[in-house]
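See below for the structure under consideration.
The values are calculated or read from the model by the stated rules, or taken from the named source; none is laboratory data. These figures come from a predicted structure and were not determined experimentally. Glycine gets a Cβ as well: all are built from the backbone with ideal geometry, and neighbour counts include every protein chain shown. The accessibility values were calculated without ligands, DNA or RNA, using every heavy atom of the protein model including side chains. Shrake-Rupley method; radii C 1.70, N 1.55, O 1.52, S 1.80 Å.
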Amino acid sequence: MKKIGIVTRDCAGINAAIRAVVRTAYFYDIEVVGILKGYEGLINNKIVPLSRHSVSGIINQGGTILKTTRSMKFFTEEGQKEAVKTMQNNGIEGLIVIGGNGSLRGAHELATKHNIPVVGVPATIDNDINGVESAIGADTAINVALDAVDKIRDTALSLERIFVVEVMGRDCGYIALTVALAGGCEEVLLPEKEFNIKKICEEITEGNIKGKISWIIIVAEGRARASDIAKEINEITGLETREVVLGHIQRGGRATAFDRILAARYGNFAVELLKEGETDKCVTLSNNKLITIPLEDAIKPKDIEVEDYYRLIKVLT
Ligand code: F6P
């Protein structure tokens, strides 16, 4: 393989992964180009050369230097044909796709429908890639959210208030669950678990009678809106309840050491796989060893186990 391209989505740690891909490729004398704005750039021929030097100083930058957008056209036959034509015209022989579910689904389609050598690198704060324990970006997002929750707790304690904190996680409660446990939060509402607002309010009221006056409830965006939950708690308990929506601050910022190391290992491995003729694979870890899983499996919905952590959150409250 003489020339490869990189397509990315965005989250902390992706630049570290781009750097790892580029530096590994040049180590093996493979040329690298970046595709600007994700699959849209592949359709519109937005290709930039990436030298060893062009990725210096990006290891600690959030986002993606390649920029990105969601491309609807890419998921049409016409869009994919144009993407393949761009690859052929530019002599791009293989692709490394760094991103979440949508990006990996696109990678699988390129590999299976168009016979393009493609390796996927899981990177999403939601950590919802099936068969992947750790996606790049999730650890950073959890630590950003945890830092915010720690600060909110200061005010919750000082003013004896209830806070409902909404974290990201479209279909997956991973961020909410881990932040709730790490932050010593009293309750967590997850897409994977039913909840009973009346029961939660009873617990708050009982606690309040016994002298427990501040609560932090984490809610995953895929389960409910923090504003609705705060309003209901206030109406039922009569206690002052505020909402905070953390939003996109969880996706950006400097990646943690964990995410940068993951990015270095995944990026390096992805290039080696392409070089060895592998395709339609997603990189991941098993017992801290690099392995691959079929992209077909990676894009299936992921079931996360929530009961153990949830039980612990309630026992430790
Ligand atoms: O999938 C990652 C994620 O950050 C989700 O947690 C969130 O729901 C979604 O992306 C937001 O996407 P956008 O920035 O395109 O609105």
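Using the Stokes-Einstein relation with a Kirkwood hydrodynamic radius computed over Cα pairs, the translational diffusion coefficient of the range 166-317 at 20 °C and a viscosity of 1.002 mPa s comes to 119 µm²/s.
Note on Lys85 and Glu202: the model spin-label points, each 7 Å out from Cα along the C-beta direction, lie 6.5 nm apart. Note on the range 141-251: Rg/Rh from C-alpha atoms, Kirkwood Rh, equals 0.94.
In the chain, helical runs assigned H by DSSP with n ≥ 4 each contribute -39500 (n - 2.57); averaged across all residues and rounded to the nearest 500, the mean residue ellipticity at 222 nm is -13500 deg cm²/dmol. Highest GNM mean-square fluctuation among Val271, Val22, Val33, for the chain modelled with Cα contacts below 10 Å: Val33. Once both labels are positioned 7 Å from their Cα atoms along Cα-to-Cβ, the gap between Asp150 and Asp29 label points is 4.9 nm.
How would the range 1-113 be classified by its alpha-carbon gyration tensor: rounded, prolate or oblate, with rounded meaning a/c under 1.5 and the a/b versus b/c comparison settling the rest? Oblate is the answer for the range 1-113, as a/c is 1.5 or above yet b/c matches or exceeds a/b.
Taking label points 7 Å from Cα along the Cα-to-Cβ direction, Ile291 and Ala182 give a separation of 2.5 nm. Working from Cα pairs under 8 Å separated by at least six residues, relative contact order for the chain is 24 percent. Here the range 1-35 is scanned for amide nitrogen atoms under 20 Å from the site 7 Å beyond the Cα of Ser56 along Cα-to-Cβ, giving 15-34. Per-residue SASA remark: Arg70, around 140 Å² accessible (1.4 Å probe; ligands, DNA and RNA not included). Candidate membrane-span-like segments in the chain, meaning DSSP H helices with Cα atoms spread over at least 15 Å of their own axis and a Kyte-Doolittle mean of -0.5 or above, are 14-27, 138-159, 197-210, 226-237, 257-275, with no membrane implied. Using C-alpha pairs under 8 Å with a sequence gap of at least 6, the mean separation divided by the residue count of the range 75-138 gives a relative contact order of 27 percent.
With the charge dipole of the chain set up from +1 on Lys and Arg Cβ and -1 on Asp and Glu Cβ about the Cα centre, the Cα lying farthest toward the positive end among the listed residues Ala224, Met72, His114 is that of His114.
A protection proxy built from the mean count of other Cβ atoms within 10 Å ranks the segments 1-10, 98-107, 303-312, most packed first, as 98-107, 1-10, 303-312. Based on protein heavy atoms only, the chain ends up with 45 Å² per residue of surface accessible to a 1.4 Å probe. Annotation: extensible slack from Lys113 through Lys2 equals 37.7 nm (criterion: 0.36 nm per residue apart, minus Cα-Cα distance).
Take the Cβ atoms of Asp228 and Met72, set R0 to 22 Å, and the FRET efficiency comes out at 0.15. Dividing the C-alpha radius of gyration of the chain by 2.2 N^0.38 Å, with N its residue count, gives 1.11. Across the range 189-317, the relative contact order, built from alpha-carbon pairs under 8 Å that are at least six residues apart, equals 16 percent.
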